[in-house]
Amino acid sequence: MKILMLHADHIEWEPKKKAIKSAEETEKKVYRVEEALVVFSAVEKVDEQNPENVIEKTAENVKKNLEQLKVEKVVVYPYAHLSPDLSNPQVALKVLKGLEEKLKADGLDVWRAPFGWYKAFEIKCKGHPLSELSREILPEGVEKVSKATVSVDEEYDPKKLLREISKSKLDRENLKENDHRILGQRLDLFSFNEVAPGMVFWHHKGLIIYNELVDFWRQEHRKAGYQEISTPMILDRKLWQISGHWEKYKENIFLTKYEDRAFAVKPMNCPGGMLVFKAKSKSYRDLPLRVGELGIVHRQELSGVLTGLFRVIKFTQDDAHIFCTEEQLEDEIVAIMDLVDRFYRKFGFTYHVELSTRPEKRIGDEKIWDKAEKALEDVLKKKNMNYKINEGDGAFYGPKIDFHIKDSMGRTWQCATIQLDFAMPERFELEYTGEDNMPHRPVMLHRVIYGSLERFIGILLEHLSGNLPVWLSPVQVRVLSFTEKNRESAEAFYRRLEERGIRAELDASDNTVEYKVRDAELQKIPYIVVIGNKEEEAGTIAVRSRGKKGVEYGVSPDKFIENVLSEIKERK
C-alpha cells in the first residue's frame, strides 16, 4: 500500500461521477474537513496477500504521525494515482474500510472519501517539515523486489530496454495551455524520463533560464555580503542524526553505503553549512557570517505525487545560513526581508507574510522559544508588516517567517522563509570567541528566497504564460529574412547581435514571412526583426515587440541593439 500523508488546514471534495460500476453509494455534495491529516491511499496487488496486516501497519504509521502533529482528525482518501499496480476494487475497499474502522476504534475523528468516484478536491497543505510524508507499506513477510537488479551475467535485450524507457509522454488532457509542463515541451525547456523519476532534464533553453536566475542570485548576494559555498551531496548518516533530521526525514532520504559506512544523499543543506562554520575558529569580528549555497538536494517521493517542476525528487535550494550574535539578529532579519522584497518585485510578485510559531513537537527550552518568537515579531512590527500568526507551524528547531507569493491566476505559493534557530548551533557546538576572550554560542538564521529553483521556474512560467522578460528569455531576438534575396543582410545583423552578447536566432528559411513571424510568436520571443528590400536600402530594420500591436518600421539597428542591451543589463 502506498500512502501520502498531508497535514492540511482544510480539504474539500465533491463526488462527480462513478469511475467504476462497484463504486460506493454517496451523496453528491461538497464535503469539507478542517485541520486534519489527509491520508491519500492506493491499495496494491501485493496487499492482497495479507490485507489485515496492511491495515495494521498503515494504521500504526498514521497514528505515529498524528501523535507528532497533535491532530485528531483523519481523512482517508482513495487516490489510485499513487500506484500503477492497483489491487482489485473489492480488496481495496475492504482495506480502506478496515483502516477507517481501526482508526475510529482508537478514538479518532475519521472521515473517508468515497471509493470508486471521480472527485473534485481542494487542499491547503501546511508548510512545516512533517506536513508531507509518503510511505510504502508491504504485508508482513513480503520483501520489495527491485526490478532494476541485474546480475553481471544476466542476459538483456538493449532494444527492449530502450522501448521501456521511451514510454514517458505528457498527458495533456487535463492541463491548461499555460501549464508549465506544456510550455516546457513547446518551448523546448526541459523534459522528464522514467529513468530518473522526479528529476529534471534541462534542455539548452531551459538551462539558460536556470543559469540567469542563478546569476541574478549570485549578484544580489555578493552585494548583500554573502559568501558562496558548496558542500558534498553524500554525507555520513551520523551528521543527520546530530542535526535531528534523521528522526524526522529518514523515510524520505536516499541511503547508500561506502566501506561499510552508512551515507545519506542530502535532503537539505543545513548540516553541511555547520561544518563549514566549524572548520576554522571564529571570533566576534567574523560575525555576522552570511554563507549561501545553491545546493542540490534529493528527497524520496512516491511517483504518483510528482508534478512537473512543482514537486520533484532532485532540486536546487538557494539556501543561506547566517551566523550572528543576538545583538545583530534584528538587523540581519531586516536585511533578509529587504532582499526577499527586492527579488519578488523584480518578478512582479506580490506576497503576504505569516509568522509560524512553536509546534507541539519541538526541541529547545521554552524561554528560548519565547525569545525567538519575540525577535521575529518585533522585526515584523518594526517594518509595519501586515502578517498572520500561524500557530504551531514553526520548524522543530525554531519559529519562522514565511512569504507567500501570489501569481497572475490568484494562486499563492510559499517560497521564501526565514527560520530562527538557537537549537542547531547547540547541537553542533558552534562557538566564536567574544570581546571578553570567552567562548560564545552564535545564533543562526536559515533562509531561502526562490525555495526550490525548479519550482520557482514552474511558477514563473505559469505566472507569465511563458512570456519571460528579455533578460530571462532563452532567445531574446529572432531575425527573419523577408525573401531569399535578404538572407545575407539578415545573417549579418544576426552576427552583430551574437557578437554583442544578445541571444539571437536566425530564420532564413524559404517559409513565408507570416509563417516565420507566427512561429517566433509561438516561441514567446520578445523581439522579432524582419529585414526586407526596403530595410536593406535604408539601412534600417522592422521590429515586432512581444505584447505590442503592429510593426515598427525604420528602426536604427544600432539604437535597437543598445535598447536591448539596456533591458538585459537592467534585467527588464
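FYI, it's all coordinate maths here, none of it is from the lab. Since the model is a prediction, treat every value here as computed from it, not as a measurement. Here the Cβ positions follow ideal geometry from the backbone for every residue, glycine too, while neighbour counts run over all protein chains shown.
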Estimated vicinal HN-Hα couplings, Hz - the stretch 43-54 in sequence order (Karplus 6.51, -1.76, 1.60; Gly, Pro = x):
7, 10, 4, 4, 5, 5, 5, 7, x, 4, 5, 5
Classify the stretch 161-261 as rounded, prolate or oblate, taking a ≥ b ≥ c as the square roots of the eigenvalues of its Cα gyration tensor: rounded when a/c is under 1.5, otherwise prolate if a/b is larger than b/c and oblate if not.
oblate
HN-Hα J couplings of the stretch 376-381 from phi, Karplus 6.51/-1.76/1.60, θ = phi - 60°, integer Hz, Gly and Pro as x?
5, 5, 4, 5, 4, 5
Among GLU327, GLU491, rank each residue by its count of other Cβ atoms within 10 Å, from fewest to most, as a rough exposure measure.
GLU327, GLU491
Where a label projected 7 Å from the Cα of ALA19 along Cα→Cβ would reach, residues of the stretch 33-53 with amide N under 11 Å
41-43
Rel. contact order, % - alpha carbon contacts under 8 angstrom, at least six apart, the chain
11 percent
Between the alpha carbon centres of the stretch 529-566 and the stretch 184-222 the gap in Å comes to 30 Å
Within the stretch 229-309, report the trypsin sites (Lys or Arg not before Pro) that DSSP leaves as loop and that have at most 13 other Cβ atoms within 10 Å.
LYS280
In terms of modelled amide H atoms, which long-range or inter-chain residues lie less than 5 Å from the amide H of GLN227?
ARG290, VAL291, GLY292
Within a 10 angstrom radius of the beta carbon, how do PHE422, PHE190, PHE310 rank from fewest other beta carbons to most?
PHE310, PHE422, PHE190
Pull up the DSSP beta bridges for the stretch 2-136 and report the antiparallel fraction as a percent, rounded to 5.
75 percent
A correct Karplus calculation of ³J(HN,Hα) over the stretch 311-325, with 6.51 cos²θ - 1.76 cosθ + 1.60, θ = phi - 60°, whole Hz and x for Gly and Pro, returns 9, 10, 8, 10, 8, 10, 9, 8, 6, 8, 10, 10, 9, 8, 8
Over its Cα atoms, what ratio of radius of gyration to 2.2 N^0.38 Å does the stretch 180-463 give?
1.02
So which trypsin sites (Lys or Arg not before Pro) in the stretch 457-508 pass both tests, a DSSP loop state and at most 15 other Cβ atoms within 10 Å of the Cβ?
ARG500
Trypsin sites (Lys or Arg not before Pro) within the stretch 1-74, DSSP loop, no more than 12 other Cβ atoms inside 10 Å:
LYS21, LYS28, LYS29, LYS70
Calculated [θ] (222 nm, deg cm²/dmol) that DSSP helices of n ≥ 4 give over the chain, each run adding -39,500 (n - 2.57):
-10000 deg cm²/dmol
Can you give me the C-alpha center-to-center distance between the stretch 360-392 and the stretch 234-294, rounded to a whole angstrom?
25 Å
Förster radius 35 Å - calculated FRET efficiency between ASP338 and GLU499, Cβ distance, rounded to 0.05
0.40
Chain lengthening between GLU366 and VAL195 when straightened (0.36 nm per residue, less Cα-Cα)
56.8 nm
Top positive-direction residue, dipole computed over the chain with Cβ charges, set THR325, ALA538, VAL54:
ALA538
Sort ASP260, ASP47, ASP378, ASP519 by Cβ crowding within 10 Å, fewest neighbours at the top.
ASP260, ASP378, ASP519, ASP47
From the C-alpha gyration tensor of the stretch 2-136, pull out the three semi-axes of the equivalent ellipsoid (sqrt of 5λ each), sorted largest to smallest, in whole Å.
21, 19, 13
At 20 °C and 1.002 mPa s, what whole-number value in µm²/s does Stokes-Einstein give for the translational diffusion of the stretch 477-569, with Rh from the Kirkwood sum over Cα pairs?
164 µm²/s
Nearest 5 is fine: what % of DSSP beta bridges in the chain come out antiparallel, could you say?
75 percent
Over all alpha-carbon pairs of the chain, lay out the pair-distance distribution in 10 Å bins, whole %, shortest bin first.
3, 14, 22, 23, 18, 12, 6, 1, 0
List the residues, sorted by chain then number, that are 5 or more residues from GLU505 or on another chain and whose placed amide H is less than 5 Å from its amide H.
VAL477, ARG478, VAL479
Please go through the residue pairs LYS126/LYS314; LYS21/LYS102; LYS238/LYS314; LYS29/LYS361; LYS94/LYS361; LYS280/LYS382 and name each one whose alpha carbons sit more than 30 Å apart in this structure.
LYS29/LYS361; LYS94/LYS361; LYS280/LYS382
Using Cα-Cα distances under 8 Å and only pairs 6 or more residues apart, what relative contact order does the stretch 477-569 have, in percent?
28 percent
Working only with C-alpha atoms, what are the Rg and Dmax values of the stretch 221-362, expressed in angstrom?
17.4, 51
For VAL110, enumerate residues with amide H under 5 Å from its amide H, sequence gap 5+ or separate chain, H modeled in the peptide plane.
VAL74
The stretch 1-66 shape via C-alpha gyration tensor axes, a/c threshold 1.5:
oblate
